[in-house]
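Just so it is clear, none of the values below were taken in a lab; they were calculated from the coordinates. Everything numeric in this text was worked out from a predicted model, so none of it was measured. Here the Cβ is made from the backbone with ideal geometry for all residues, glycine too, and neighbour counts use every protein chain on show.
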Amino acid sequence: MANLLTWAGGGLFRYPEKFLFWFALALPLGAGWGLERVLESRAAKTGASRWLGAARWITAARWIGGALAALGLLLFALRSWAVAQVTAQKPNDPMPSSILDVQMGQWGGALLLGGGLLVVAAVACRTRSRWAPAVVLTCQGICLLQLHPLLLVDSATIFKVPADWAPGARAGDQVVGGVSEPLWTDLFTYLPTTDPRQPERYQPALSLAPSLGITRGLGYPLAHNAEGLGSVLRWELQRSLANTTWQQRTRWLRLLGVELLALGEEADPSAGLRQLSAHHAGSKSFFLYAVERPAPAVRWPRRLRAADDLATAVALVANSPDPLTTLILPSALSQQPHDPDGTVSALESTPDRFLFAVESQGGVVALRRAFHPLLRARIEGGEGLSLFPADVFLTGVRVPPGNHRVAVEAAGSGPEIAGGIFALVVALGCLWLARPGAPA
């Protein structure tokens, strides 16, 4: 779909939401045209002027437009005072006052412009001039100018070319971009700019943000999931890590299999991270670190530990000397038998399928994948196995004694069932519209 939009629009519509521009442009114009038709039809039937029915609305539009414009002027008048009050409350944090300054200016300008144009349109309609439609159309077009960012076309080269200061990042590497994780590091000062090409806009790309790294095959175990399939437990874990030390975070990074860490500040020397490179761009600095001994894609823990709440589970991993040897499970699951000497190895790995070989007297295998209800586990040619969250939001699989090849796959029936239900609803809707006596 994205390639089709790029080809059809010459790069103008790389994102489907840009089509909303034309919808927003046509909707108010179509509404105005429809109102004109209704007034003309009514006037033709009654013999009255088409402006008589709209007189009340024209008067209301003048009063409402004047009130909006006055509110905009009030915001401009109070802008300096409000910013000063916020600055006095937080003298060491320029962000709140900067955001308030920008937003009050934008709100005031929008209210003043919208209210003024509404008054102009009402006056033009009140005079019943033959230029009234042109004046109304012009006012509507001016209001829609605020959507111009949807039409911006800019170079995407910086998102395609790897950053020079990030050597060694290979396809398949797991990366955490600390600059784009606001809960981990301080946010940069809010610096509004009217230049869409100003370098400030591209700084997250230099920190191996997903928009850059996904094209290179990199993975982001703590990044936000745009499709809405991200684990709620993952988000809670990220919030919990914001209140831990770097040594504790590093243990979690190892457990998640993170290999590279991009930060906007130097990490604690005692965190157990190895600095690969540093880059300085203006007032900002970026550092790339390697995480030592990250977890493999699948592992056999030596012991199980119980934790029935998130805080306890996060603390157990963060304070463990070696989090890879222990698997955190709810009490009911951790009390079941587990062979400490089992072995496991990965055989195949794709986005929708993971195959591993295991040899043990029975126990739990730990997968370095986020748990999701759509996942299913089955011994090749045999029985299904139980899946459950392990280590907060990763996946655990309980296997029986013996040598087995186990496949963990995304359930294939869910999307088909959802698609069938959608098709049925559409078909019923079409039949309802096509029924005899349906309104045109």
Label point distance in nm, A411-R216, each placed 7 Å from Cα along Cα→Cβ: 3.7
Taking other Cβ within 10 Å of each residue's Cβ, how do K284, K90 sort, fewest first? K90, K284
Seen from all sides and averaged, what is the projected area of the convex hull of the Cα atoms in the stretch 234-363, in nm²? 9.9
Stretchable slack from I64 to L374, in nm (0.36 nm times residue separation minus alpha-carbon distance): 106.4 nm
Between R293 and S277, what is the label-to-label distance in nm when each label sits 7 Å out along the Cα-to-Cβ direction? 2.8
Can you give the FRET efficiency for L74 and A24, using 1/(1 + (r/R0)^6), R0 = 30 Å, r = Cβ-Cβ distance, to the nearest 0.05? 0.60
With DSSP loop assignment and no more than 12 other C-beta atoms within 10 Å, the GluC sites (Glu not before Pro) in the stretch 333-407 are E380, E383
If the chain between W235 and F388 were fully stretched, how many nm would it gain, using 0.36 nm times the residue separation less the Cα-Cα distance? 53.3 nm
Pairwise centroid distance, computed over Cα atoms, of the stretch 330-373 with the stretch 63-87, Å: 61
